[in-house]
Amino acid sequence: MKTALVTGATGFIGSWLTKELLANQVRVYGVVRKNSGNLDRLPEHPGLTVVPCDLEEYAGLSGRLREAGAETIDVCYHLAWEGVSGPLSTDYRVQLKNVESTMELTGQLTELGVKKFISPGSMHEIESQIEMELNQPCTNMGMMYKGAKHAAHYMAKADVCRQGIDFLWPVVTNAYGVGEISGRLINSAIRTLLRGESPAFTKGDQYYDFVYISDVARAFRLIGEQGVTCRPYVIGSGQPRPLKEFLAQVGQIVAPEIPLGFGAHIFQGIYVPREWYETNEKLLEEDTGFRPQVPFAEGIRRLTDWIRTLPQTNS
């Protein structure tokens, strides 16, 4: 891999992946939203070319890449997605736009000389497969995001494989680490504890896995270099355990004097069997040699130290 295209390059995973690729002598064309306010997440590097292009404009992306000097792209990492969480995750119009932009991109891969297409799958896909097989009413509007991920996955796979290009859709269990500003579980728990408050959780008996963001970025790079087409890779720590154990460890590291509110909420999600994590995570190591390098406790310390430096934490 000598040249990579990264859409969503200023996102949480995208920015870490961009830096990982650059550190390994890969030239990167990073596609970002016009007027992006997150360009400071990207390093100033001679091997990086920033290409402004909104999702609605992906039909003309190959032309913009040519204008930016791209001749051949070896690996395409498609990470751009609007409405991963929050109200937009329930908006079908937004989610359909994500599917359409994905297909606009895959339709230009041959023209760009792409040999391998990689896009991150979501645990929401796994959960929704289990949920939809229950044969009972579904009122979860978050299914708009989940359904769109399924649609993009299956439709992109058909189009990419039709062109004779390697297709990979690795599922990231739960990425966390320095640079994430979302209100997802680990982030919100740490921020709540740093405010001196007790976070409220479910009983935490569902199996989970977490993987630090630098390990996620390295896994994606290795998949770009050595991944086998259509293999169901899972990017995780390889050590799934009940969520309560992870959260208890967070509490001990961040604020051991504050009690954790286990059981304050009723879990209404989907239980993913432990075996699913353990079976699928082995494939990635077998094919690429990937092993996580950052233990969960160390990752929490890094993230906590970073959050402490943010203005909203100090106020």
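The values are calculated or read from the model by the stated rules, or taken from the named source; none is laboratory data. In this text, all values refer to a predicted model and were calculated from it rather than measured experimentally. Note: ideal-geometry Cβ built from the backbone for every residue, glycine included; neighbour counts use all protein chains shown. The area values use the complete protein model at the heavy-atom level, side chains included, leaving out ligands, DNA and RNA. Shrake-Rupley method; radii C 1.70, N 1.55, O 1.52, S 1.80 Å.
If both residues of a DSSP beta bridge must be in the chain, then about 5% of such bridges are antiparallel. Exposure here means at most 13 other Cβ atoms within 10 Å; with GluC sites (Glu not before Pro) in a DSSP loop as sites, the longest stretch of the chain lacking them is 134-196. Each 10 Å bin, from zero up to the one with the longest distance, holds this percent of the alpha carbon pairs of the chain: 6, 26, 35, 24, 8, 1.
Dipole magnitude for the range 140-248: about 160 debye, using +1 per Lys or Arg Cβ and -1 per Asp or Glu Cβ, origin at the Cα centre. Can you list residues from other chains, or at least 5 along the same chain, whose modelled amide H is less than 5 Å from the amide H of VAL211? For VAL211, the qualifying residues are ASN174, ALA175, TYR176. Taking a temperature of 25 °C and a viscosity of 0.890 mPa s, what whole-number D in µm²/s does Stokes-Einstein yield for the range 1-153 with Rh from Kirkwood over alpha carbon pairs? Stokes-Einstein gives a translational diffusion coefficient of 152 µm²/s. You can think of it this way: the chain between ASP305 and ILE266 has 11.0 nm of extra reach, that is 0.36 nm per residue less the Cα-Cα gap. For the Cα trace of the range 121-177, dividing Rg by the Kirkwood Rh returns an Rg/Rh value of 1.05. Rolling a 1.4 Å probe over the protein chains gives ASP54 an accessible area of about 40 Å². For the pair the range 188-217 / the range 74-122, the C-alpha centres are spaced 27 Å from each other.
Note on the chain: Lys pairs 8 or more places apart or on different chains, Cα atoms under 18 Å apart, count 12. Hand me the chymotrypsin sites (Phe, Trp or Tyr not before Pro) from the range 226-315 located in a DSSP loop with no more than 13 other Cβ atoms within 10 Å, in residue order please. When the chymotrypsin sites (Phe, Trp or Tyr not before Pro) of the range 226-315 are filtered for loop state and at most 13 Cβ neighbours within 10 Å, TYR271 remain.
A simple spin-label model places the labels of LEU134 and ARG195 3.0 nm from each other, with each point 7 Å out along Cα-to-Cβ. When ASP287, ASP205 are compared by accessible area of protein heavy atoms, the largest-first order is ASP205, ASP287, using a 1.4 Å probe. Basic side chains Lys and Arg get +1 at the Cβ, acidic Asp and Glu get -1 at the Cβ, and with that the dipole of the range 172-315 about its Cα centre reaches some 340 debye.
Taken one residue at a time, the phi angles of the range 127-134 give Karplus couplings (6.51, -1.76, 1.60, θ = phi - 60°) of 5, 5, 4, 5, 4, 6, 7, 6 Hz. Gly and Pro are set to x.
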